[in-house]
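To start, the structure under review is shown below, and the notes come after it.
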Amino acid sequence: MTVHCHRGVEDAVGAVTEWLTGEFSGRLPATAVAHVVRATRADLEGRIAPEELGEMLHRMARARLQRMLTGGRIPHSR
């Protein structure tokens with residue numbers, strides 16, 4: 001998935017949350033997916049170029065969700 005932030009950060013967060021909720025449907029609750037995406041966004045804020053936020057948010061949140069499925073915990077933002 002490629003997410004471009006043409007309209008803003010919240011649009012990217014919404015798009016990534018929707019995509020990953022569908023991808024992890026039946027394996028993780030939507031609330032857990034949304035929490036991980038928000039925590040990942042907070043971790044990325046100010047650390048990467050704004051135009052890269054959508055793509056990095058998707059990649060990092062997806063990796064965190066996959067770790068949760070293998071026995072990890074929900075990551076918390078700083």
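Screening S25 with (1) closer than 18 Å to G71 by Cα; (2) of a type in the set (G, A, S); (3) in contact with a Ser or Thr (Cβ under 6 Å, 6 or more places away or on another chain) gives one miss only, at (3). Taken as a whole, the condition of being among the small types (G, A, S) and at pLDDT 95 or above does not apply to A12. The residues of segment 67-78 that are within 14 Å of R27 (Cβ to Cβ) and either at pLDDT 90 or above or exposed (fewer than 11 other Cβ atoms within 10 Å of the Cβ) (or both), listed by number, are R67, M68, L69, T70, G71. Among residues of segment 57-68 that are in a helix (DSSP H, G or I), those with a Cβ under 9 angstrom from a residue that is surrounded by fewer than 20 Cβ atoms within 10 Å (Cβ to Cβ) and of a type in the set (D, E), sequence gap 6+ or separate chain, pair up as M60/D43; R62/E23; L65/E23.
Find the residue count for segment 5-31, including only residues that are open to solvent by less than 20 Å² (accessible area, probe 1.4 Å) and in a helix (DSSP H, G or I).
Going through segment 5-31, the residues open to solvent by less than 20 Å² (accessible area, probe 1.4 Å) turn out to be 12-13, 16, 20, 24.
Among the residues that remain, those that are also in a helix (DSSP H, G or I) are: 12-13, 16, 20.
Final tally of qualifying residues: 4.
Scanning segment 32-41 turns up no residue that is among the small types (G, A, S), modelled with pLDDT of 95 or more, loosely packed, with under 15 Cβ neighbours inside 10 Å and part of a helix (DSSP H, G or I). Selection of segment 44-66 for residues being modelled with pLDDT of 95 or more and farther than 17 Å from D11 by Cβ yields R59, M60, R62, A63, R64, L65, Q66.
The values are calculated or read from the model by the stated rules, or taken from the named source; none is laboratory data. Remember, it's a predicted structure, so these values are computed and weren't measured experimentally. For neighbour counting, all protein chains shown are included, and Cβ atoms are generated from backbone atoms with ideal geometry for every residue, glycine included. Quick note on the areas: whole protein, heavy atoms, side chains included, nothing else; ligands and nucleic acids left out. Shrake-Rupley method; radii C 1.70, N 1.55, O 1.52, S 1.80 Å.
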